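All of the numbers you see were taken from the coordinates with simple rules; none came from a lab. These figures come from a predicted structure and were not determined experimentally. Every residue, glycine as well, gets a Cβ built from its backbone with ideal geometry; the counts of neighbours run over all protein chains shown.
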Amino acid sequence: MAGLFISFEGGEGVGKSTQIARLADRLRAQGHQVVVTFEPGGTELGQEVRRILLTPGNHVTPRSEALLYAADRAHHVETVIEPALAAGQVVLCDRYADSTFAYQGAGRSLDPDDVRAVMEFAVAGRWPDLTVLLDVDPRVGLARARGGGSGDRIEAESLQFHDAVRHGFLALAAAAPERFAVIDASGPLDDVTALVDEVVKGRLR
Ligand code: Z5A
């Protein structure tokens, strides 16, 4: 029995965690077994990597940043995602490899071929069945995510960086329309939830 792997992507404050929690409740009520997880930090090892990656003031070079996200992901895929899928569960993952393409590739301007090579190694063939891209102007998303604070090491990047990340995500979606569903997440929470419901319904077995 094969499970279903759904990743949620987008810039800061687009509403991924909120929508994942709502979707998990709905799927469980329908009788599905659901695993909710996230990157970076979905494992004990990943929590240590997350602290290095997101602590404000840490100096992390772009290539080492990409490799740290990849290390977190390789361990997460092998110890959390694959076992859940093998048990026939629905995995809802808050960020996955597309975040590295968008943030380290488009945002930090690393060579896309280098990022792809590292990602292929990290995910070991496991790509999501569906990627829900929640799209919002970074000005709106950052205001939601920061809630008045200055944010973590990545949130604190310039608006230009976050714009590049957004366009990176949209380019990924345009290149793989069979995997991506792009949702306008600028509206009220319930409207976004209805849109997420619609795309997920079509993929449930
Ligand atoms: N990163 C990377 O560079 N490379 C990688 O490979 C990976 C990640 C995997 C992880 O941060 C950071 O790592 C991230 C990218 C980078 N950048 N940063 N910083 P994180 O795990 O701490 O956080 P995040 O993934 O960026 O999520 P987030 O910013 O916390 O937001 P969210 O999960 O998308 O949104 P939310 O928590 O559901 O909602 C945020 C607030 O907005 C909350 O108060 C909601 O009630 C509100 N909200 C949500 N939706 C709406 C709507 N529709 N209307 C109004 N208000 C809303």
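Summary of computed values
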| item | result |
| --- | --- |
| Distance between modelled label sites at Lys201 and Asp129, nm, 7 Å Cα→Cβ extension | 1.8 nm |
| Hz values of 3J(HN,Hα) by residue in segment 4-15 - Karplus curve (6.51, -1.76, 1.60), Gly and Pro given as x | 10, 10, 10, 9, 10, 10, x, x, 5, x, 6, x |
| 10 Å binning of all Cα-Cα separations within segment 4-201, expressed as whole percents from 0 upward | 9, 37, 40, 14, 1 |
| Kyte-Doolittle mean at least 0.5 and Cα axial length at least 15 Å: DSSP H helices in the chain | 159-175, 189-201 |
| Inter-probe distance in nm under a simple model that places probes 7 Å from Cα toward Cβ, at Ala176 and Ser109 | 2.5 nm |
| Potential lengthening between Asp25 and Glu78 on full extension [0.36 nm per residue; Cα-Cα distance subtracted] | 16.6 nm |
| Residues whose placed amide H lies under 5 Å from that of Val182, excluding near-sequence neighbours | Leu133 |
| The chain, helix-only ellipticity at 222 nm - DSSP H runs n ≥ 4, -39,500 (n - 2.57), divided by all residues, nearest 500 | -15000 deg cm²/dmol |
| Fully extended contour minus Cα-Cα distance, from Gln33 to Thr55, at 0.36 nm per residue | 4.5 nm |
| Dipole magnitude of the chain about its Cα centre (Cβ charges: Lys, Arg +1; Asp, Glu -1), debye to nearest 20 | 300 debye |
